[in-house]
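Just below is one structure, and these are the notes that go with it.
The values are calculated or read from the model by the stated rules, or taken from the named source; none is laboratory data. Just so we're clear, the structure is a prediction, and the values are computed from it rather than from any experiment. Don't worry about glycine lacking a Cβ; one is built from the backbone with ideal geometry, like all the others, and counts go over all protein chains shown.
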Amino acid sequence: MKKSLFKGKSTRTKIYTVISIVGIVLLLGLNLLLTYVGGNNLLMIDLTYEGFYTLSDKMLETCHELFDQKEGEAKKEITVTFCADPDYLTANDAMRATYFMALSMQKKFDNVKVKTVNVGVDPMAVAMYKTTSRDSISSNDVIFSYGGKYRIVDASTFWTKDNFSYNGEYRVASILASLTAIEKPVAYFVTNYGAEYYDPANPDSENSINLSSFADLITERGLEIRTLDLSKVESIPDDCALLIINNPTKDFKTDESTLNSFYHVSDLDKIDKYLVGEFGAVMFNKAYNVELPEFENFCKEWGISFGNALVTDRDNALYTSINGTVDDTLFAATYDADEANFGPAYYGSYSHLQSAPKMVFSNTGYVYCSMDMSESMVESGNHEGSKNYAAFIGTSAGAYHLNKDGSGAEGVKTLVAASVRTDLNSETSEKTSSYFFCSNSEDFFSNEIIGNASYSNYDVLASVISNITRTDRFASIDLGGFSYNSTSFGGKQTLSTELSPSPSKIYTWDASDVIKNNKGLGRGAIVVYTILVMVAPVAVLTLGIIMFIKRKFL
């Protein structure tokens with residue numbers, strides 16, 4: 001027979017026993033609650049002098065302007081992905097300010113979602129955000145995404161030069177404004193020089209019909225299609241996210257009557273100026289047997305030359321004619337499996353799958369690097385800008401090219417290449433890229449190739465266009481160059497008393513030299529947190545001691 005817990009006990013003992021049991025249960029419950037809260041929430045008490053971890057009124061106002069839904073407008077869902085675990089983010093001086101700022105935004109705006117991904121353990125989790133496979137996404141990167149648009153930003157860019165002050169609010173607001181912009185970027189087809197183009201005003205024309213699949217691809221990427229006569233504009237329009245020059249039959253010759261004109265800008269100069277600006281993207285395609293000396297010289301300045309000879313690949317030919325001969329001018333290209341190269345960033349898993357659909361070429365020539373000893377060049381007089389030749393896709397080793405004089409050679413040929421110009425802003429440490437994407441086949445954009453669902457040309461080009469047309473130019477508001485949290489230009493300035501008096505001091509990239517001990521939980525905040533955590537256990541312990549003394553001695 002079981003004995004009752006209270007049998008034979010005094011009333012006072014029973015009361016103290018009940019209180020002890022209730023106290024232990026409450027203590028266990030409180031510990032579980034604190035464990036849950038601590039594991040799922042950060043207690044952010046900003047006691048830093050600079051206010052690193054507090055959203056300014058101006059930032060809150062800007063976020064409201066960006067996120068507030070207008071009638072009939074879809075909700076703007078922003079995802080901020082940090083490429084490291086929370087422990088690393090909170091311990092790293094440069095990352096912590098931005099991480100806590102994003103968490104504050106997530107708490108105040110249901111449009112914002114913060115994610116953490118350890119790219120060291122799972123690099124494929126962010127593979128879809130890589131512009132090219134030559135790019136690397138590191139633990140110090142932050143990815144802002146909205147729909148199909150995204151930006152990758154290194155943590156150092158949230159700090160002004162030499163890490164003198166934190167300018168993260170302005171940078172983040174600028175990025176968000178760009179991603180959620182209402183304006184629609186435009187893809188322009190060049191109409192002069194005998195080029196073939198899609199005309200949205202005349203979709204039933206022969207050229208438009210032949211390029212209708214390519215036009216569908218462009219509009220599905222979120223771009224509007226327009227036409228452009230280069231000779232009638234002073235510069236490429238500001239809203240141009242992609243300039244397409246398809247199968248020109250006339251060279252881009254300079255009008256000699258304009259040579260003495262101080263104000264004249266040639267069409268090639270217009271294209272060059274567009275490409276060396278921020279986020280320029282040109283797709284150029286020509287027939288292999290059409291020679292355009294002046295334009296091809298321009299291409300050489302960008303590191304790309306054209307082989308004006310027909311390429312055949314008997315081993316990868318697609319069709320056999322009725323009489324049994326092989327048509328080796330229509331063949332499947334060979335995917336590059338080396339992820340250190342340019343192409344795999346766009347055709348991804350195709351390069352590893354035996355049964356993957358193939359990218360097909362018809363009546364094509366080849367392209368090659370025109371740089372002397374390297375596939376990279378630093379621009380003269382500008383140590384911040386460089387151009388890099390990048391082969392995109394090619395043939396098998398059994399391919400052959402036949403020159404006009406009957407000579408030829410066997411071996412791997414590059415069919416499509418790009419010149420990627422990278423510019424580094426010395427003030428913000430932000431990199432911008434422009435792309436000059438070239439092919440040498442008159443059929444490259446045709447319905448017969450892009451419109452064939454059994455080929456991968458549509459999917460691959462869709463990936464290319466999605467990436468090379470990413471731009472911040474279309475932000476719907478002008479944020480200006482002012483700071484949100486400081487009376488000065490430079491953002492939230494670090495403690496002046498902690499800075500070296502020497503203006504030439506070089507601080508570490510992670511800002512540890514200037515932030516000093518300003519952690520997300522400052523010393524005062526740690527004291528407050530410790531008190532909150534210890535109050536309940538100490539109170540219970542004290543109560544237990546009192547009960548023990550009263551029972552034993554009183």
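Selection over the range 395-409 of residues that are small (Gly, Ala, Ser) and farther than 16 Å from ALA317 by Cβ gives a count of 4. Residues in the range 428-463 that are modelled with pLDDT of 90 or more, in a loop (DSSP other than H, G, I, E, B) and of a type in the set (A, V, I, L, M, F, W, C): PHE444, PHE445. Restricting attention to the range 64-86 and to residues that are at pLDDT 85 or above and under 12 Å from THR180 (Cβ atoms), the residue that is farthest from the chain's Cα centre (by Cα) turns out to be GLU77.
Within the range 217-256, being surrounded by 14 or more Cβ atoms within 10 Å (Cβ to Cβ) and among the acidic types (Asp, Glu) holds for GLU224, ASP239, ASP251.
Quick one: is ALA397 out of contact with any Cys (no Cβ under 7 Å at 6 or more places or on another chain) and at pLDDT 80 or above? Judged against the criteria, ALA397 is a match. Looking at MET124, MET128, just one residue is modelled with pLDDT under 75, under 30 Å from ILE393 (Cα atoms) and out of contact with any Phe, Trp or Tyr (no Cβ under 8 Å at 6 or more places or on another chain), and that residue is MET128. ASP315 falls short of the stated requirement of being in contact with a Pro (Cβ under 8 Å, 6 or more places away or on another chain), modelled with pLDDT under 90 and not aromatic (Phe, Trp, Tyr).
Tell me, yes or no, whether the range 312-324 has at least one residue that is closer than 17 Å to ILE245 by Cα, among the acidic types (Asp, Glu) and within 37 Å of the chain's Cα centre (by Cα). No, the conditions are met nowhere in the range 312-324. Taken over the range 294-308, the criterion of being surrounded by 21 or more Cβ atoms within 10 Å (Cβ to Cβ) and over 30 Å from the mean Cα position of the chain (by Cα) is satisfied by PHE295, PHE306.
Residues of the range 161-181 that are at pLDDT below 80, farther than 18 Å from TYR53 by Cβ, of a type outside the set (Lys, Arg) and out of contact with any Lys or Arg (no Cβ under 8 Å at 6 or more places or on another chain): PHE164, SER174, ALA177, ALA181. Of all positions in the range 198-215, none carries a residue that is surrounded by fewer than 17 Cβ atoms within 10 Å (Cβ to Cβ), within 30 Å of ALA97 (Cα to Cα) and of a type in the set (Val, Ile, Thr). Taken together, the criteria exclude LYS404 from residues that are modelled with pLDDT of 90 or more and out of contact with any Lys or Arg (no Cβ under 9 Å at 6 or more places or on another chain). When ALA201 is tested against (1) touching a residue at least 40 places away in the same chain (Cβ under 8 Å); (2) part of a loop (DSSP other than H, G, I, E, B); (3) among the aliphatic types (A, V, I, L, M), only condition (1) is not met.
Pick from the range 383-405 the residues that are part of a loop (DSSP other than H, G, I, E, B) and crowded, with 17+ Cβ neighbours inside 10 Å: which of them is nearest to the chain's Cα centre (by Cα)? Let's see the steps before the verdict.
Filtering the range 383-405 down to residues part of a loop (DSSP other than H, G, I, E, B) leaves 383-384, 395-399, 403-405.
Those still in the list that are crowded, with 17+ Cβ neighbours inside 10 Å too: 395, 399.
Working: THR395: 30, ALA399: 36 Å.
Selected residue: THR395.
Looking at ARG226, is it under 27 Å from the mean Cα position of the chain (by Cα) and at pLDDT below 90? In short, no.
Given the structure, is SER419 assigned to a loop (DSSP other than H, G, I, E, B) and either at pLDDT 90 or above or surrounded by 15 or more Cβ atoms within 10 Å (Cβ to Cβ) (or both)? Spelling it out, it is not the case that SER419 is assigned to a loop (DSSP other than H, G, I, E, B) and either at pLDDT 90 or above or surrounded by 15 or more Cβ atoms within 10 Å (Cβ to Cβ) (or both).
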